[in-house]
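Below is one structure, written out as C-alpha coordinates, with a few remarks after it.
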Amino acid sequence: GAGVSQSPRYKVAKRGQDVALRCDPISGHVSLFWYQQALGQGPEFLTYFQNEAQLDKSGLPSDRFFAERPEGSVSTLKIQRTQQEDSAVYLCASSLAFGSTGANVLTFGAGSRLTVL
Amino acid sequence: DQQVKQNSPSLSVQEGRISILNCDYTNSMFDYFLWYKKYPAEGPTFLISISSIKDKNEDGRFTVFLNKSAKHLSLHIVPSQPGDSAVYFCAANGRNAGNMLTFGGGTRLMVKP
(Lines give C-alpha, C1' and ligand atoms only; values in the text may rest on other atoms or scores of the structure.)
Protein backbone atom coordinates (compact mmCIF):
# COMPACT_ATOMS: atom_id res chain seq x y z
CA GLY A 1 0.00 0.00 0.00
CA ALA A 2 0.88 3.66 -0.21
CA GLY A 3 1.30 4.08 3.52
CA VAL A 4 1.18 2.28 6.84
CA SER A 5 -2.38 1.25 7.58
CA GLN A 6 -3.68 0.55 11.10
CA SER A 7 -6.99 -0.84 12.27
CA PRO A 8 -9.15 -0.27 14.12
CA ARG A 9 -8.63 3.47 14.32
CA TYR A 10 -10.61 3.60 17.56
CA LYS A 11 -11.28 0.86 20.07
CA VAL A 12 -13.19 1.06 23.34
CA ALA A 13 -12.73 -1.91 25.64
CA LYS A 14 -14.02 -2.77 29.07
CA ARG A 15 -11.37 -3.45 31.66
CA GLY A 16 -10.34 -7.08 31.46
CA GLN A 17 -11.15 -7.54 27.77
CA ASP A 18 -8.56 -8.65 25.24
CA VAL A 19 -7.86 -6.45 22.22
CA ALA A 20 -5.98 -6.95 18.95
CA LEU A 21 -4.57 -4.09 16.90
CA ARG A 22 -3.49 -4.62 13.32
CA CYS A 23 -0.76 -2.99 11.27
CA ASP A 24 -0.23 -3.23 7.51
CA PRO A 25 3.23 -1.81 6.78
CA ILE A 26 4.39 -0.39 3.48
CA SER A 27 4.91 -3.23 1.02
CA GLY A 28 8.51 -4.38 1.05
CA HIS A 29 9.42 -2.72 4.31
CA VAL A 30 11.56 -5.12 6.29
CA SER A 31 11.42 -3.37 9.65
CA LEU A 32 8.29 -2.83 11.71
CA PHE A 33 7.99 -1.03 15.03
CA TRP A 34 5.22 -0.56 17.59
CA TYR A 35 5.10 2.53 19.78
CA GLN A 36 2.72 3.57 22.56
CA GLN A 37 1.75 7.23 22.89
CA ALA A 38 -0.02 8.29 26.06
CA LEU A 39 -1.99 11.53 26.07
CA GLY A 40 0.28 14.57 26.00
CA GLN A 41 3.46 12.53 25.71
CA GLY A 42 5.81 11.40 23.00
CA PRO A 43 5.75 7.92 21.45
CA GLU A 44 7.48 5.23 23.50
CA PHE A 45 9.07 2.18 21.91
CA LEU A 46 7.36 -1.16 22.50
CA THR A 47 8.82 -3.72 20.10
CA TYR A 48 10.60 -4.22 16.78
CA PHE A 49 10.50 -6.83 14.02
CA GLN A 50 12.86 -7.50 11.19
CA ASN A 51 10.81 -9.54 8.74
CA GLU A 52 9.08 -12.15 10.95
CA ALA A 53 11.69 -12.09 13.69
CA GLN A 54 10.93 -10.10 16.82
CA LEU A 55 14.38 -8.74 17.60
CA ASP A 56 13.55 -6.44 20.49
CA LYS A 57 10.59 -6.50 22.85
CA SER A 58 12.23 -4.61 25.67
CA GLY A 59 9.58 -1.86 25.63
CA LEU A 60 6.55 -4.08 26.20
CA PRO A 61 5.21 -2.94 29.60
CA SER A 62 4.02 -6.32 30.84
CA ASP A 63 3.43 -9.90 29.81
CA ARG A 64 -0.13 -8.92 28.91
CA PHE A 65 1.31 -7.36 25.74
CA PHE A 66 2.18 -9.63 22.84
CA ALA A 67 3.12 -8.84 19.24
CA GLU A 68 3.57 -11.03 16.21
CA ARG A 69 4.39 -10.76 12.52
CA PRO A 70 4.18 -14.36 11.36
CA GLU A 71 4.75 -13.83 7.62
CA GLY A 72 6.96 -10.81 7.79
CA SER A 73 4.31 -8.33 6.61
CA VAL A 74 1.15 -7.69 8.67
CA SER A 75 1.66 -7.39 12.40
CA THR A 76 -0.75 -7.69 15.31
CA LEU A 77 -0.33 -6.20 18.77
CA LYS A 78 -2.42 -8.04 21.32
CA ILE A 79 -3.20 -6.79 24.80
CA GLN A 80 -4.74 -9.26 27.21
CA ARG A 81 -6.89 -8.35 30.22
CA THR A 82 -6.76 -4.64 29.41
CA GLN A 83 -6.31 -2.14 32.23
CA GLN A 84 -7.12 1.57 32.31
CA GLU A 85 -3.43 2.46 32.12
CA ASP A 86 -3.31 0.75 28.70
CA SER A 87 -5.39 3.62 27.27
CA ALA A 88 -3.19 5.26 24.64
CA VAL A 89 -2.62 5.60 20.91
CA TYR A 90 -0.70 2.64 19.54
CA LEU A 91 1.45 3.64 16.58
CA CYS A 92 2.93 1.27 14.05
CA ALA A 93 5.85 2.32 11.88
CA SER A 94 7.87 0.66 9.15
CA SER A 95 11.09 1.24 7.27
CA LEU A 96 12.78 -0.32 4.29
CA ALA A 97 15.74 -1.49 6.29
CA PHE A 98 17.17 -1.08 9.73
CA GLY A 99 20.87 -0.91 9.40
CA SER A 100 23.46 -0.07 11.95
CA THR A 101 24.13 3.37 10.52
CA GLY A 102 22.07 6.32 9.47
CA ALA A 103 19.12 8.21 10.79
CA ASN A 104 16.33 5.78 11.63
CA VAL A 105 13.61 7.37 9.48
CA LEU A 106 10.32 5.63 10.09
CA THR A 107 6.97 5.97 8.30
CA PHE A 108 4.15 5.94 10.83
CA GLY A 109 0.56 4.91 10.54
CA ALA A 110 -2.24 7.07 11.93
CA GLY A 111 -2.46 4.91 15.06
CA SER A 112 -5.11 2.97 16.92
CA ARG A 113 -6.61 4.87 19.84
CA LEU A 114 -7.48 2.47 22.67
CA THR A 115 -9.73 3.58 25.50
CA VAL A 116 -10.18 1.17 28.40
CA LEU A 117 -13.19 1.89 30.61
CA ASP B 1 14.81 8.49 32.75
CA GLN B 2 13.89 10.75 29.83
CA GLN B 3 16.79 10.75 27.39
CA VAL B 4 15.20 13.29 25.04
CA LYS B 5 13.38 16.28 26.51
CA GLN B 6 11.31 19.07 25.04
CA ASN B 7 10.76 21.48 27.89
CA SER B 8 8.24 23.75 26.18
CA PRO B 9 4.86 22.05 25.79
CA SER B 10 3.59 24.82 23.54
CA LEU B 11 4.70 27.78 21.44
CA SER B 12 2.68 30.47 19.73
CA VAL B 13 4.09 32.67 16.94
CA GLN B 14 2.76 35.11 14.39
CA GLU B 15 2.61 34.12 10.73
CA GLY B 16 5.76 35.21 8.92
CA ARG B 17 7.93 35.20 12.05
CA ILE B 18 10.51 32.63 13.10
CA SER B 19 9.51 29.59 15.16
CA ILE B 20 12.24 28.05 17.32
CA LEU B 21 11.60 24.66 18.89
CA ASN B 22 14.12 23.32 21.37
CA CYS B 23 15.23 19.86 22.42
CA ASP B 24 17.75 18.59 24.98
CA TYR B 25 19.20 15.12 25.30
CA THR B 26 21.24 13.25 27.86
CA ASN B 27 22.62 10.23 26.00
CA SER B 28 25.93 11.08 24.31
CA MET B 29 25.66 7.84 22.29
CA PHE B 30 23.02 9.30 19.97
CA ASP B 31 24.34 9.55 16.38
CA TYR B 32 21.34 11.09 14.64
CA PHE B 33 18.62 13.52 15.60
CA LEU B 34 15.31 13.82 13.83
CA TRP B 35 12.29 16.08 13.90
CA TYR B 36 8.81 14.74 13.28
CA LYS B 37 5.62 16.74 12.80
CA LYS B 38 2.21 15.46 13.85
CA TYR B 39 -1.24 16.71 12.91
CA PRO B 40 -4.29 15.60 14.95
CA ALA B 41 -5.54 12.09 14.13
CA GLU B 42 -2.51 11.43 11.92
CA GLY B 43 0.77 9.65 12.54
CA PRO B 44 4.03 11.58 12.94
CA THR B 45 5.71 12.45 9.65
CA PHE B 46 9.45 12.88 9.21
CA LEU B 47 10.61 16.45 8.70
CA ILE B 48 14.38 16.76 8.88
CA SER B 49 17.40 15.07 10.47
CA ILE B 50 20.97 15.87 11.41
CA SER B 51 24.01 13.72 12.01
CA SER B 52 25.93 14.20 15.24
CA ILE B 53 29.02 15.14 13.21
CA LYS B 54 27.29 18.22 11.79
CA ASP B 55 26.07 21.36 13.47
CA LYS B 56 23.50 22.52 10.92
CA ASN B 57 21.18 21.06 8.33
CA GLU B 58 18.83 23.10 6.19
CA ASP B 59 15.85 22.10 4.05
CA GLY B 60 13.79 24.94 2.67
CA ARG B 61 12.15 26.83 5.53
CA PHE B 62 13.40 24.30 8.08
CA THR B 63 16.85 24.37 9.68
CA VAL B 64 18.08 22.17 12.50
CA PHE B 65 21.01 23.27 14.65
CA LEU B 66 22.98 20.90 16.87
CA ASN B 67 25.17 21.92 19.81
CA LYS B 68 26.85 18.71 20.93
CA SER B 69 28.72 20.19 23.86
CA ALA B 70 25.44 21.46 25.30
CA LYS B 71 23.50 18.35 24.20
CA HIS B 72 20.95 20.68 22.65
CA LEU B 73 19.28 20.97 19.28
CA SER B 74 16.75 23.35 17.84
CA LEU B 75 14.45 23.50 14.85
CA HIS B 76 13.98 26.86 13.16
CA ILE B 77 11.05 27.48 10.85
CA VAL B 78 11.30 30.66 8.78
CA PRO B 79 8.90 32.09 7.80
CA SER B 80 6.24 30.36 9.88
CA GLN B 81 2.94 29.58 8.16
CA PRO B 82 -0.46 28.67 9.65
CA GLY B 83 -0.11 25.18 8.08
CA ASP B 84 2.92 24.62 10.29
CA SER B 85 0.62 24.46 13.31
CA ALA B 86 1.15 20.94 14.67
CA VAL B 87 2.94 19.03 17.41
CA TYR B 88 6.68 18.69 16.78
CA PHE B 89 8.63 15.78 18.20
CA CYS B 90 12.37 15.63 18.57
CA ALA B 91 13.80 12.11 18.29
CA ALA B 92 17.21 10.47 18.34
CA ASN B 93 18.88 7.19 17.54
CA GLY B 94 22.37 5.77 17.86
CA ARG B 95 24.27 2.54 17.15
CA ASN B 96 25.26 2.21 20.78
CA ALA B 97 21.98 3.52 22.15
CA GLY B 98 19.74 0.68 20.99
CA ASN B 99 19.29 2.36 17.59
CA MET B 100 15.56 2.65 18.23
CA LEU B 101 14.06 6.09 17.86
CA THR B 102 13.72 7.73 21.26
CA PHE B 103 11.23 10.60 21.29
CA GLY B 104 10.79 13.74 23.33
CA GLY B 105 7.41 14.73 24.73
CA GLY B 106 6.56 17.13 21.90
CA THR B 107 5.92 20.87 21.52
CA ARG B 108 2.63 22.16 20.17
CA LEU B 109 3.26 25.00 17.71
CA MET B 110 0.47 27.42 16.91
CA VAL B 111 1.05 29.87 14.08
CA LYS B 112 -1.46 32.69 14.15
CA PRO B 113 -2.51 34.37 10.88
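Based on this model, can you work out whether A:Val74 counts as under 10 Å from the mean Cα position of the chain (by Cα), surrounded by 14 or more Cβ atoms within 10 Å (Cβ to Cβ), at pLDDT 95 or above and β-branched (Val, Ile, Thr)?
No, not satisfied.
Surrounded by 14 or more Cβ atoms within 10 Å (Cβ to Cβ) and either closer than 16 Å to A:Gly102 by Cβ or small (Gly, Ala, Ser) (or both): is that true of B:Gly105 in this structure?
Taking the combined requirement at face value, the residue satisfies it.
Hey, can you tell me all the residues within the range B:27-55 that are in contact with an Asp or Glu (Cβ under 8 Å, 6 or more places away or on another chain) and hydroxyl-bearing (Ser, Thr, Tyr)?
Within the range B:27-55, B:Ser51, B:Ser52 qualify.
In the range A:1-34, which residues are closer than 20 Å to B:Ala41 by Cα and hydrophobic (A, V, I, L, M, F, W, C)?
Result: A:Ala2, A:Val4, A:Val12, A:Ala13, A:Ala20, A:Leu21, A:Cys23, A:Ile26, A:Phe33, A:Trp34.
Condition check ((1) within 13 Å of chain A (Cβ to nearest Cβ); (2) in contact with a Leu (Cβ under 6 Å, 6 or more places away or on another chain); (3) free of Cβ contacts under 8 Å to residues at least 24 places away in the same chain; (4) of a type in the set (Asp, Glu)) across all residues:
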| position | (1), (2), (3), (4) |
| --- | --- |
| B:Ser10 | yes, no, no, no |
| B:Arg17 | no, no, no, no |
| B:Phe33 | yes, yes, no, no |
| B:Pro40 | yes, no, yes, no |
| B:Phe46 | yes, no, yes, no |
| B:Asn57 | yes, no, yes, no |
| B:Lys71 | no, no, no, no |
| B:Val87 | yes, no, no, no |
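Just give me the residues in the range A:53-79 being part of a loop (DSSP other than H, G, I, E, B) and either touching a helix residue (DSSP H, G or I) at 6+ places or on another chain (Cβ under 7 Å) or within 14 Å of another protein chain (Cβ to nearest Cβ) (or both), in sequence order.
A:Lys57, A:Ser58, A:Gly59, A:Leu60
Would you point out which residue out of A:Leu21, A:Leu39 is within 14 Å of the chain's Cα centre (by Cα) and either within 14 Å of chain B (Cβ to nearest Cβ) or at positive phi (or both)?
Matching residue, one of A:Leu21, A:Leu39: A:Leu21.
So, A:Ala103, is that one modelled with pLDDT under 95, closer than 21 Å to B:Thr45 by Cβ and more than 10 Å from chain B (Cβ to nearest Cβ) or not?
No: the conditions fail for A:Ala103.
Go through the range A:30-44 and give me each residue that's surrounded by fewer than 19 Cβ atoms within 10 Å (Cβ to Cβ) and either assigned to a loop (DSSP other than H, G, I, E, B) or not acidic (Asp, Glu) (or both).
Listed by number, the residues that qualify are A:Val30, A:Ala38, A:Leu39, A:Gly40, A:Gln41.
Tell me which strands (runs of 3 or more DSSP E) are completely within the range B:1-108 and hold 2 or more residues being over 14 Å from the mean Cα position of the chain (by Cα), or say none if there are none.
Qualifying strands (runs of 3 or more DSSP E): B:10-14.
For (1) closer than 19 Å to A:Ala20 by Cβ; (2) surrounded by fewer than 22 Cβ atoms within 10 Å (Cβ to Cβ); (3) over 13 Å from the mean Cα position of the chain (by Cα), each residue gets a yes or a no:
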| position | (1), (2), (3) |
| --- | --- |
| A:Thr47 | yes, no, no |
| A:Asn51 | no, yes, yes |
| A:Asp63 | yes, yes, yes |
| A:Phe66 | yes, yes, no |
| A:Ser87 | yes, yes, yes |
| A:Ala110 | yes, yes, no |
| A:Arg113 | yes, yes, no |
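Can you tell me how many residues within the range A:43-84 are among the acidic types (Asp, Glu) and under 20 Å from A:Gly111 (Cα atoms)?
Number satisfying all stated conditions: 2.
Taking the range B:27-53 as the region of interest, how many residues are closer than 23 Å to B:Lys71 by Cα and surrounded by 13 or more Cβ atoms within 10 Å (Cβ to Cβ)?
So the count comes out to 17.
The values are calculated or read from the model by the stated rules, or taken from the named source; none is laboratory data. Quantities reported herein were computed from a predicted structural model and do not represent experimental measurements. Every residue, glycine among them, receives a Cβ derived from its backbone with ideal geometry; neighbour counts consider all protein chains shown.
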